[in-house]
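All remarks here apply to the structure that follows.
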Amino acid sequence: MSEMTKNEIYAIVCEMLCDAKDLEPDSLNEDLPVKSLKLDSLDYVELMVLVKREFDISLSADMFIQHPDITLGEMCQALEELRK
């Protein structure tokens, strides 16, 4: 598994979110709480599936339940740690 930086992961996650929620990339930043994107349960499932496909990481809903105020940057940092 090749190493990927948090910034590379962030870029891919933002692209996925922009596609899924029809957002503009400049509307996202690392300090943005994920919950502010108003994702519904299907969006979270889609995000988990995309993360599995792109990064080979099984992401659970617990990550979002246990960390309701997680930001995009923190989520990407967690994904980077899980890839190691």
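Considering only residues that are of a type in the set (K, R) and either exposed (fewer than 12 other Cβ atoms within 10 Å of the Cβ) or in contact with a Gly (Cβ under 6 Å, 6 or more places away or on another chain) (or both), which ones fall in region 54-84?
Once the filter is applied, which keeps residues that are of a type in the set (K, R) and either exposed (fewer than 12 other Cβ atoms within 10 Å of the Cβ) or in contact with a Gly (Cβ under 6 Å, 6 or more places away or on another chain) (or both), region 54-84 yields only K84.
In region 51-76, which residues are outside any loop (DSSP other than H, G, I, E, B) and either closer than 17 Å to K6 by Cβ or touching a residue at least 60 places away in the same chain (Cβ under 8 Å) (or both)?
Those that are outside any loop (DSSP other than H, G, I, E, B) and either closer than 17 Å to K6 by Cβ or touching a residue at least 60 places away in the same chain (Cβ under 8 Å) (or both): V51, E54, F55, M63, T71, L72, G73, E74, M75, C76.
Output yes when any residue across region 26-46 is part of a helix (DSSP H, G or I), touching a residue at least 60 places away in the same chain (Cβ under 8 Å) and not charged (D, E, K, R), and no when none is.
no
Which members of region 1-45 meet the condition of being of a type in the set (D, E) and either touching a Leu at 6+ places or on another chain (Cβ under 9 Å) or farther than 19 Å from F64 by Cα (or both)?
Residues satisfying the conditions are E3, E8, E15, D19, D22, E24, D26, E30, D31, D43.
Can you tell me which residues in region 1-24 are under 15 Å from M75 (Cα atoms), open to solvent by 80 Å² or more (accessible area, probe 1.4 Å) and not charged (D, E, K, R)?
Selection gives N7 alone.
Counting just the residues of region 25-53 that are over 16 Å from C76 (Cβ atoms) and among the aliphatic types (A, V, I, L, M), which one comes out surrounded by the fewest Cβ atoms within 10 Å (Cβ to Cβ)?
Applying the filter and picking the extreme gives L42.
The values are calculated or read from the model by the stated rules, or taken from the named source; none is laboratory data. Model, not experiment: these values are computed from the prediction. A quick note on method: Cβ atoms are made from the backbone with ideal geometry, for glycine too, and the neighbour counts reach across all protein chains shown. With ligands, DNA and RNA removed, areas are computed over all heavy atoms of the protein, side chains included. Shrake-Rupley method; radii C 1.70, N 1.55, O 1.52, S 1.80 Å.
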